[in-house]
Amino acid sequence: MFNAANNRLTGEIPREIGSLNNLQNFVVSFNSMRGNIPASFGNMSSLRVLSASNNFLSGKLPATLGQLKNLSILYLPMNGFSGEIPSSIFNLSSLSNVYFGFNQLQGSLPSDMGISLPNLQSFDVALNYLSGTVPVSFSNASNLEQLQLQGNDFRGGMPSLGRSPNLFRLIINNNSLGNAGGEDDLSFISSLSNVMSLASLSVFLNLSHNDLTGSIPVEVGNLQNMGGLDLSHNGLSGSIPSSLGSCVRLESVNLQGNQLQGAIPSSLRSLRGIQRLDISSNNLSGQIPEFFEGMNLLQILNLSHNSFEGELSVNGVLRNDSVVSVIGNSKLCGGSFSRQSKALSHKLKIVISTICSLLVLTFMGSCLLIFWIKRRGKQDRVTADDLQVKLSYQRLHKATDGFSTANLVGVGSFGSVYKGVLDDKNGATIAVNLVRIVTVCSSVDYRGNDFKALVYEFLANIVHCDLKPSNVLLDEDMGGRVGDFGLAKFLQFTTADTSSTGQGSSTLGIKGTVGYAPPGKCI
């Protein structure tokens, strides 16, 4: 025996294990092993138990597993196995328990597996990608105790299981079972009534989320050991059979999402141990029986979205809004219905008001965002085009406080540089003769003389021609700014050769402070 379950094993299963001819049990469940099952496992002729569930194993199941003539338990759920189940596995007559649930297996089941596996007790292929029909040969599986086929794409009808006296668990929900509108989709339940009533354990029958049609057979009442019945979300019609009241061990009944009609049978008063009863979203009618008052074990009683009428009792369980749901019954009044309707109306008002508030806030936020973006854009361009036609001598005179010496930044051989603050809403700070031209002013001063000025911002492609420490200014963030551009000239670059087009810069003579004359077209 090799048992290393519930550890932290990683890596792959060594193929050398296949040489252990006398090994009977190989158990590595609940680890973190990867890779696949080695084909060499087919050489372990004495192996009886192969358990590797809850790992990260993947790949295809090796066909050599069909050579394990003594294999009884094949337990491989909760992995990532893919491909089809090898047909050789279904020829192992010794197999009693087969678990392939929660993998990615595809294909169909052999039609004769109920015969080729005579000792089969548990068969679980839940939550895979299997398709096709449920093998009719299951009707010959006399030792079958559990059959779990849920979460696949099986179609057609269910075979009779009348020869499985020990069957206590049948879970086939979330498939596409049904005979395309046939009237006997649940006829196999009649066969179950001959076997499930003999089971010593509580029976759970889950056929939900399929395409089953027709009515619920009266033989369901013979499943006296049934603890749970789930036929929800199908296309069942007709009435709830009164024989259901004979299943006195029922703890959970889910019939919601069908097309059931008629009244709630009075025989359900016998279900004293019922904890969950959901018959919502049907076409049931009549009054809600008062016997629900005394069902003290009820945790969920969902009667909503039907056509019940009359006054609802306010006694016992029926007064508990956390247990009872009756919304969607327009002809019902009183009791928890009134409270739930008021609560629903109040909640609806809250939801509507909340949505409206959110819409208003969203609209206002959008407007503010658009306004901010536009304003920011204007701020970003305040020294550009907008200023170009608006600056006059009067505004510059005011901005520099009459060209006060207090605002004098520096004096060069070709002009002076002043700091100024415009009198607009943005209060932009400008400087005359700072690199990139922001705007120009061509006007007259207060004496009637011509006044011309250039307003610059920093621009990399201007040759300063007189760069020296005294011409480098520091802004409020201690960032360097180049001043005194009396000798500055613009560099014009084109794709063509500037020497031939005449669009380059030129100078008639060397100017500027000795030792700081520019050597070329860059600073």
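Numbers at a glance
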| quantity | calculated |
| --- | --- |
| Accessible area, probe 1.4 Å, largest first, for residues Y393, Y129, Y418, Y75 | Y129, Y75, Y418, Y393 |
| Average accessible area per residue (Å²) across the stretch 15-118 - probe 1.4 Å, nucleic acids and ligands excluded | 42 |
| Distance (nanometres) between label positions extended 7 Å along Cα→Cβ at V472 and S32 | 5.8 |
| Student exercise, the stretch 185-323 dipole from Lys, Arg, Asp, Glu Cβ charges, in Debye to nearest 20 | 320 |
| Normalised contact order of the stretch 264-319, rounded percent, pairs of Cα under 8 Å and 6 or more residues apart | 40 |
| Per residue accessible area in Å² of the stretch 222-325, where ligands, DNA and RNA are left out and the probe is 1.4 Å | 41 |
| Environment charge of N234, counting only residues whose C-beta is closer than 9 Å and scoring Lys/Arg +1, Asp/Glu -1 | -2 |
| Whole-Å distance, taken between Cα centres, linking the stretch 2-45 and the stretch 136-171 | 31 |
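The values are calculated or read from the model by the stated rules, or taken from the named source; none is laboratory data. Everything numeric here is computed off the predicted structure, so don't read it as measured data. A quick note on method: Cβ atoms are made from the backbone with ideal geometry, for glycine too, and the neighbour counts reach across all protein chains shown. Areas reflect the complete protein model, heavy atoms only, side chains present, ligands, DNA and RNA absent. Shrake-Rupley method; radii C 1.70, N 1.55, O 1.52, S 1.80 Å.
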